[in-house]
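Undergrad: I'd like to ask you about the structure that follows.
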Amino acid sequence: MTDRTNSVSASTDQEVFNPEETESLLWGIPESLVENRQLLETLVRAPKLLKRPAQCERLVTLGEAWLRNPGGFLNSSAYFYTFSAIAKDIYSREMNWVDFHHSELDMKATLGTPERAVTEAIPVALETIAWAKIVHLTLAVYPEVHDFCERMLDTLLGISEDATSLSATEHGLLHLLLSGELPLTCATLFTDHAERTALWESAKHSLNEAVAEIFDGEGAPMSEIFDTHRLLAASLLRCRQMVRWMGQKPGFRRKSANFWTENADINYEWLVRHTLRWSRLDGGQIFTGETLGTSRRFWDLLLADGGDDDDHDIAKLYLPCYRSRGEEALNLAFPPAQFHSEWAGVSTLRPNWFAEYPRLTVLSGSEPYLEMAQASPTERGVTTLEPDADVPSTQQLRQKLGIESSEDDEDDAFFGELCSRDWTRDTATRLELESQVVLFSGFHSCELTCGEESEPRPAIADWKENIHVSDENGDYLELSRSFEGARVDRHYFLGREDRLMFTADVVFTDEPDQTWNYRTVLSMPKEVDWYPQTETFDGYLIASRRGSAPRPRALLMPLAFPEWKQELDDTTEPFCSIHRIASGLELTRRMRGSAFCVPLWAYLDPRDMSELHTWRRLTVAENRKKVPENIAVGYRVQVGDRQWLIYRATGQRGNRSLLGHNLTSEFLLARFSAEHGVQPLVEIE
């Protein structure tokens, strides 16, 4: 592990983080939560209204509605209309359901969609922390609302206490927010509260436990919660700032110094680096798009709190809010840009930190929480409540979050499975490829259908890592997954000097006499167009950048297909196709045999997009005899005067040759030229 002992701590003259502020709760919220983000954004700006008693009264009315129905903006008309009036004070205009893509008539139907059930819990948890801050500010300005504030605080502390039963492994972010940040916020703000020390200790335990459970030791979260990594960074940043702020108070200096474990410090410092690594060129978060975490203040505090000199240099080179590329950047010695964690199921393949070079991130773990939409709200444990129902507030928030509680004594309150899901095994990895613009982002699926079957064969195991190689030539990742009657080996390679991305699925079947139908879809942003060639199977990905005219960003060649379409007779095997569908780029192939390969070559160098190009299926020989595809395959790719050679053994390895090159390896990707011969980029024995 790289030494990070030279981490730069927050300087005394850095911008002071005020624990009372609410707008920091918006840091890192992904685009997938945009509707709830708009409502949360209005709430966190509500403390600005505490200037006149009438506005304070309106805020208290909103709080009373929240106590009757926590998270009630989703289905409480009373809460919404009070909210709308507050929004008018903030934005000088009325809010209506259309602003948030809701209508009063279809509110219950909207709540009943899987997407709503999945994405509901995180904004409600953030809203809960926002109310802790609002209550403190309200009580300081208008002591006459003491009764309301006491009831609200009791509700919040009850939520915090019960949330300690949430599993940090299964519900990492919610555990962090509700059982960690919420009690720490209350301990920091409510200085006279009798349980202040107990809240502090509870937060200390929960936060350190959460960090130990959900990170790999080097700041990488499990791939299932990868989409929340900026939210995790933002929450930990707020917590660390509050701990530092409390360290200035009598009686808390030593407690503050001993708050974080060494493991928590190391994971956090690495998370700062990863937050940079997993940013797009526009500053947005990979996979989820633009986030509010791109604000300059968020990065200032994050880098000051947990960044080292390298992180500051990377931010100046890479982030748009700092970017100042100069000649001095070319002479800096940057740390490795690539990253791999088998434990987390996360791999970032990239040659360096410079913006003009491509970047590929692959997630091979279970499906992401924020994008998962399998079970119905009832299956998830989410209860739809009538507006302003007469239910105890803590119990109702549990229900709103999809958390079941026991009927036993209050001390034994138990938070059940949060948003329980139908963990049907998906057959996709996730990938994002960015080369000047985002070309692929989302699921990289794999479907296998045998014979006349109408349903794809189910996966019977998760993706597992076979091999990872990173050297001066590039980054290589090989995964494997078992299906009913088949196994798929999936390859990813991203070159350093060679600006190319290679991916391939090698399918091994237990039923070689059957015809197998293979289908994969690489998810693409709607802004990216597929421009196929008329007579050949290759094509270009076309996209614009920063308002510029659309231009080719990648040249794609499906190497298992014949180059010329006229060579393909769709009435005989093998059958193959490549075309754009709504969700992305779809490749299909039909084959009979014990093994076959479906590779895709993406050439990403913008300087050579107009060069002549071609590819060929090569003859692989063993003992002077041609071997079939279920034994080994080989391909040659040419762009301009540059050539590459690809070989993959699909059966038992042996001493074979192609293009006059002898080899016994399982996989080879190499440069090829008449002058220098074969120069391996990656070779797996």
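The values are calculated or read from the model by the stated rules, or taken from the named source; none is laboratory data. Remember, it's a predicted structure, so these values are computed and weren't measured experimentally. Quick reminder, even Gly has a Cβ in these numbers, built from the backbone with ideal geometry, and neighbours come from all protein chains shown. Just so you know, the surface numbers come from the protein's heavy atoms only, side chains and all, with ligands and any DNA or RNA stripped out. Shrake-Rupley method; radii C 1.70, N 1.55, O 1.52, S 1.80 Å.
Undergrad: Work out how much length H661 to T515 would gain on full extension: take 0.36 nm times their residue separation and subtract the Cα-Cα distance, in nm to one decimal.
TA: 49.3 nm
Undergrad: Using a 1.4 angstrom probe, figure out how much accessible area region 490-572 has per residue, in square angstrom, rounded to the nearest whole.
TA: Numbers: 3640 Å² over 83 residues.
Ligands and nucleic acids excluded, the result is 44 Å² per residue.
Undergrad: While we're looking at this one, here's another question. Restrict the search to region 502-549; then list the trypsin sites (Lys or Arg not before Pro) that DSSP places in a loop and that have at most 16 other Cβ atoms within 10 Å of their Cβ. Numbers along the way, then the final one.
TA: On the way: sites: R519, K526, R545, R546; in loops: K526, R545, R546.
For trypsin sites (Lys or Arg not before Pro) across region 502-549 that sit outside H, G, I, E and B with at most 16 neighbouring Cβ atoms in 10 Å, the list reads K526, R545, R546.
Undergrad: Still on this structure, I have one more. Return the FRET efficiency for the residue pair S583, E213: r is the Cβ-Cβ distance, R0 is 45 Å, and the value is rounded to the nearest 0.05.
TA: Here the calculated transfer efficiency is 0.85.
Undergrad: Let me ask something else about it. Determine ³J(HN,Hα), in whole Hz, for all residues of region 126-132 in sequence, where each value follows from phi through the Karplus function 6.51 cos²θ - 1.76 cosθ + 1.60 and θ = phi - 60°; x replaces Gly and Pro.
TA: 5, 4, 4, 5, 4, 5, 4
Undergrad: Provide the solvent-accessible area of H193, counting protein heavy atoms only and rolling a 1.4 Å probe, rounded to the nearest 10 Å².
TA: About 50 Å², ignoring ligands and nucleic acids.
Undergrad: Now, a different point. Full-extension gain between A257 and E23, please, as 0.36 nm times their residue separation minus the C-alpha to C-alpha distance.
TA: On the way: separation 234, 0.36 × 234 = 84.24 nm, distance 2.65 nm.
That works out to 81.6 nm of additional length.
Undergrad: Short version: ³J(HN,Hα) in whole Hz for each residue of region 164-178, in order, from phi by Karplus 6.51 cos²θ - 1.76 cosθ + 1.60 (θ = phi - 60°), x for Gly and Pro, what are they?
TA: Result, rounded to whole Hz: 5, 7, 5, 6, 5, 5, 8, 10, x, 5, 5, 4, 5, 6, 8.
Undergrad: So how much accessible area does F508 have, in Å² to the nearest 10, using a 1.4 Å probe?
TA: Counting only protein heavy atoms, F508 exposes about 40 Å² to solvent.
Undergrad: Taking a 1.4 Å probe, which of T534, T164, T520 shows the most accessible area, and what order do the others take after it? Working shown, then result.
TA: Values: T534 125, T164 65, T520 5 Å².
Result of the area sort, largest leading: T534, T164, T520.
Undergrad: Do the alpha carbons of any pairs in K133/K204; K464/K625; K526/K565 sit beyond 29 Å of each other, and which pairs?
TA: Values: K133/K204 19 Å; K464/K625 35 Å; K526/K565 27 Å.
Result: K464/K625 exceed 29 Å.
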